[in-house]
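Shown next, in structure tokens, is the structure this report addresses.
The values are calculated or read from the model by the stated rules, or taken from the named source; none is laboratory data. Since the structure is predicted, the reported quantities are computational estimates derived from the model, not experimental observations. Positions of Cβ are generated from backbone atoms using ideal geometry, with glycine treated the same way; all protein chains shown enter the neighbour counts.
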Amino acid sequence: MEPILSVEHLSVTFTRYGRGLNRVELNPIRELSLAVEPGRVTAVVGESGSGKSLLAHAVLHLLPRNARVGGSIHYDGAPLTRERAVALRGREIALIPQGVTWLDPMMKVGDQLRRGRGGSAVRDRCRAALERYGLGPGAEELYPFQLSGGMARRVLIACAVVDRPRLIVADEPTPGLDVRAAGRVLGHFRELAEEGAGVLFITHNLGLARTVAHKVVVFREGQTVDEVPARCFQTGEGLTHPYSHALWRAMPENDFEV
Ligand SMILES: Nc1ncnc2c1ncn2[C@@H]1O[C@H](COP(=O)(O)OP(=O)(O)OP(=O)(O)O)[C@@H](O)[C@H]1O
Ligand SMILES: [Mg+2]
């Protein structure tokens, strides 16, 4: 199956100027490759600082200006240039950002969902998206500061899926949600995939990743170390890299052996 998103040999370098003319190069992403197929949930797991959010931001062209990006990113068979990313993001390509601070503090929830669009069809779609995450129509009238952390997160998710994107990049979408709400969100990702979208599900939680995803990609220190069917993390079989094996051994039912 042709991937909807394919990332090859991605690298991200930041240049910082220290004292005087001292230049410091930081290279948090060195060699990331992965593919997201339509109709599939691809999970990316990796510890904090392994480069997961940077990958999401590189795909959407949201990295800060001082970032240098190498390698290639293709979407729907063609290079994902900045122009294309700007045209597609928020429409065909949706980001569920890691931080809830991405909500506009000065704008009511309903307006953030509608993004300036009027008409009853848009209103109904937005209302349905909120309802899907257990938020009633009253939520539309609230400002972000009036939302609890979990509500804000559900609003972000509703914003991302309201336009039926073809690619969803979800960066740690479940912290702050109780098990039921998290289960609902992850179930919804599966549903969106079943309807044909490609889902890139970023998490540090291997337990969630292997439950919801078809495929798991393992990152370590800015490098892809493994890309395996999720079932490999059920049984431990087929894990080629020692680091993946160590992650699997460290799961609760395997006695946390490290
Ligand atoms: N703007 C930046 N300038 C310099 N370094 C950065 C910048 N943004 C991120 N980094 C570094 O890149 C590395 C990867 O960061 P990233 O946010 O992708 O991690 P992550 O895997 O998403 O972690 P977490 O699970 O905690 O969200 C970190 O070491 C971080 O300090
Ligand atoms: Mg992150």
Report summary line: Being at pLDDT below 90 and within 16 Å of ligand 1 (Cβ to nearest atom) narrows P137, P173 down to just P173
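Matching residues to (1) surrounded by 12 or more Cβ atoms within 10 Å (Cβ to Cβ); (2) under 19 Å from E172 (Cα atoms); (3) under 18 Å from the mean Cα position of the chain (by Cα); (4) of a type in the set (A, V, I, L, M, F, W, C):
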site: Q98; (1), (2), (3), (4): yes, yes, yes, no
site: L113; (1), (2), (3), (4): yes, no, no, yes
site: G118; (1), (2), (3), (4): no, no, no, no
site: A121; (1), (2), (3), (4): no, no, no, yes
site: R125; (1), (2), (3), (4): yes, no, no, no
site: A128; (1), (2), (3), (4): no, no, no, yes
site: V155; (1), (2), (3), (4): yes, yes, yes, yes
site: C159; (1), (2), (3), (4): yes, yes, yes, yes
Query - Checklist (1) under 17 Å from T174 (Cα atoms); (2) in a helix (DSSP H, G or I); (3) over 21 Å from the mean Cα position of the chain (by Cα) applied to M151, failing item - result: (3)
Report task. Quick one: count up the residues across the range 192-210 that are of a type outside the set (A, V, I, L, M) and either within 16 Å of the chain's Cα centre (by Cα) or outside the structural domain of Y75 (by TED's automatic domain parsing) (or both). Result -> 6
Report task. Can you give me the ranges of the strands (runs of 3 or more DSSP E) entirely in the range 34-145 with at least 2 residues that are within 16 Å of ligand 2 (Cβ to nearest atom), assigned by TED's automatic domain parsing to the domain that holds L177 and of a type in the set (V, I, T)? Result -> 41-45
Query - Pairs where the first residue, in the range 44-66, is without any contact (Cβ under 8 Å) to a residue 24 or more places away in the chain and the second is of a type outside the set (G, A, S) and more than 12 Å from ligand 2 (Cβ to nearest atom), C-beta under 7 Å, 6+ apart - result: H57/L63
Report task. Among residues belonging to the range 174-216 that are of a type in the set (G, A, S) and within 16 Å of ligand 2 (Cβ to nearest atom), point out the one that is farthest from S48 (Cα to Cα). Result -> G176
Query raised in the report: Restricting attention to the range 93-104, does a residue exist that is more than 30 Å from A246 (Cβ to Cβ) and modelled with pLDDT of 95 or more?
Result: yes
Report summary line: By my count, strands (runs of 3 or more DSSP E) wholly in the range 182-236 with at least 1 residues that are surrounded by fewer than 23 Cβ atoms within 10 Å (Cβ to Cβ) are 215-220, 223-229
